[in-house]
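Peer 1: Sharing a structure with you now.
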Amino acid sequence: MKSRMKFVEIMSLWLLLVGISGCEKTPLPDPNPEPFTLHGVFILNQGGNKQNNASLSFYDPASQTVSTVPFPSESEPGQNEALGDLGQDLLIYGSKLYIVVSNSSYIRVLDVKTKQSLGKIVLEDNEKKPRNPRYLAAYGGKVYVTCSTDGTVARIDTASLQTDGSVNVGANPEGIAASIYNAKLYVANSGFGTGNTVSVIDIATFREEATIETGLNPNIIRAGDQTFAYLSYQGNFGDIAGGFQRIDLRNHAVTTLGAYPKADFAWEDGVIFYYDITYNPVDWSTQVTYGKFNDTGESYAHPSPLITDGTQLTAPYAIAVEPYTETVYLADAGDYSNPGTIYVFDPAGKQTDAFTVGIIPCKIVFY
């Protein structure tokens, strides 16, 4: 069911990208891709707020072992230092791994294969105040990151590992997605629970060209080479419910699909994989559900089960789907103080593996 870009669309995109030099290139969609080979899995562990104990785990599928990636100290040669305060997002782009550490207000960059540190990108404003980076997207040799404190999106050159531009969006932006379909960025403006817009940024000019009205407190947004983007919004965790919306990238029309998922979800091969958490505002107890449905919306009202063997997670905190295989990885934060767990499920929803990682695993990426 793989959806492929038409030849004209591919050629148009190629003409746009060939002019970009000195940076990692956005690969063109391969009309006949080779089967994905899993070399490893990186897991970002958030750590506790203000505890400076974020960490990066690496799972080697060949040996079925988990290790913690070290970070050499910049001030003490031969010693390692903490990843930082509050891991937030993780992105592989080209040969590099980008790690957002929000409270520390920087992005660490590693070589994907060697796991060696390539640098640290500090995100501060002109007065040296932290910009608190949140989520990442990449396109055309640049990496883009939402910055919560000053309501901006920063642009990073992947060759120099320096910021080379910034654009204002709405208050407290969270999720960001780069659309191959129309070469635009879509940014969820949460407003710390009061926002209800998505900013549209033209990548070529790096300017906000429109805003789209959405549900209250937009959170995670995903897009690719399709004509749709998908957005979760969280509401106010009380009398205004969260939900899930589809944005038509041709005209920016918004369709509300329903009440789930309100938090994180993954998109792979035309299927949305999700977990959903509903909070009881009286005692803050939670109800967790899991599922998957075709992104046309045809099966949204009756999602297929994601877990079929009775496996129960204490506190789901992240989801990722291995490319082309529909193997699902779910992160369990447990008690939010001790090491968390990654559970792996086959396409039939049966658990095939589980391994321990760091405190509050929050993001999973494959290479």
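Since every read-out is calculated from the coordinates, none of them should be taken as a lab result. What you see is a predicted model; the values in this text were computed from it and never measured. Virtual Cβ from ideal backbone geometry, glycine too; neighbours counted across all protein chains shown.
Peer 1: Per the helix-only calculation at 222 nm, which mean residue ellipticity applies to the chain, given -39500 (n - 2.57) for every DSSP H run of n ≥ 4 and division by its residues, nearest 500 deg cm²/dmol?
Peer 2: On the way: 1 runs with 11 residues, N = 367.
Value at 222 nm, helices only: -1000 deg cm²/dmol.
Peer 1: Ok, one more. Quick check: from the Cα gyration tensor, does the chain come out rounded (a/c under 1.5), prolate or oblate? Don't skip to the end; give the middle numbers.
Peer 2: Values: a/c = 1.18, a/b = 1.02, b/c = 1.16.
Rounded.
Peer 1: Which aspartates and glutamates have a Cα less than 14 Å from the Cα of Lys363, not counting those fewer than 8 places away in the same chain?
Peer 2: Output for Lys363: Asp89, Asp264, Glu322, Asp332.
Peer 1: What order, most packed first, do the peptides 273-281, 148-156 have when packing is the mean number of other Cβ atoms within 10 Å of each residue? Mind showing how you got there, number by number?
Peer 2: Values: 273-281: 18.7, 148-156: 21.0.
For the peptides 273-281, 148-156, the packing ranking is 148-156, 273-281.
Peer 1: Please list 3J(HN,Hα) in residue order for region 299-306, calculated via the Karplus relation 6.51 cos²θ - 1.76 cosθ + 1.60 where θ = phi - 60°; whole Hz, with x for glycine and proline.
Peer 2: Couplings: 10, 4, 5, 9, x, 7, x, 8 Hz.
Peer 1: Less than 20 Å from a label point 7 Å out along the Cα-to-Cβ axis of Leu118: which backbone N atoms in region 131-164 qualify, by residue?
Peer 2: Within reach of a label on Leu118, which here means backbone N under 20 Å from a point 7 Å along Cα→Cβ, region 131-164 contributes 133-146, 154-164.
Peer 1: Sort region 264-367 into rounded, prolate or oblate with this rule: let a ≥ b ≥ c be the square roots of the eigenvalues of the Cα gyration tensor; rounded if a/c is under 1.5, and if a/c is not under 1.5, prolate when a/b is larger than b/c, oblate otherwise. Provide the component values of the computation, followed by the final result.
Peer 2: On the way: a/c = 1.84, a/b = 1.18, b/c = 1.56.
Taking the square roots of the gyration eigenvalues as a ≥ b ≥ c, region 264-367 is oblate.
Peer 1: Just add up the charged neighbours of Thr341: K/R +1, D/E -1, any other residue whose Cβ is under 13 Å from the Cβ of Thr341. Write out the running numbers ahead of the final one.
Peer 2: Details: positive: none; negative: Asp332, Asp335, Asp353.
With Lys, Arg at +1 and Asp, Glu at -1, the net is -3.
Peer 1: Taking a ≥ b ≥ c as the square roots of the eigenvalues of the Cα gyration tensor of region 100-204, is the shape rounded (a/c under 1.5), prolate (a/b larger than b/c) or oblate? Please report the intermediate quantities before stating the final value.
Peer 2: Values: a/c = 1.86, a/b = 1.25, b/c = 1.49.
Oblate shape, in that a/c is at least 1.5 and b/c is the bigger or equal ratio.
Peer 1: Give the order of Val101, Val344 when sorted by the count of other beta carbons within 10 angstrom, beginning with the fewest.
Peer 2: Details: Val101 26, Val344 18.
Ordered by Cβ neighbours within 10 Å, fewest first: Val344, Val101.
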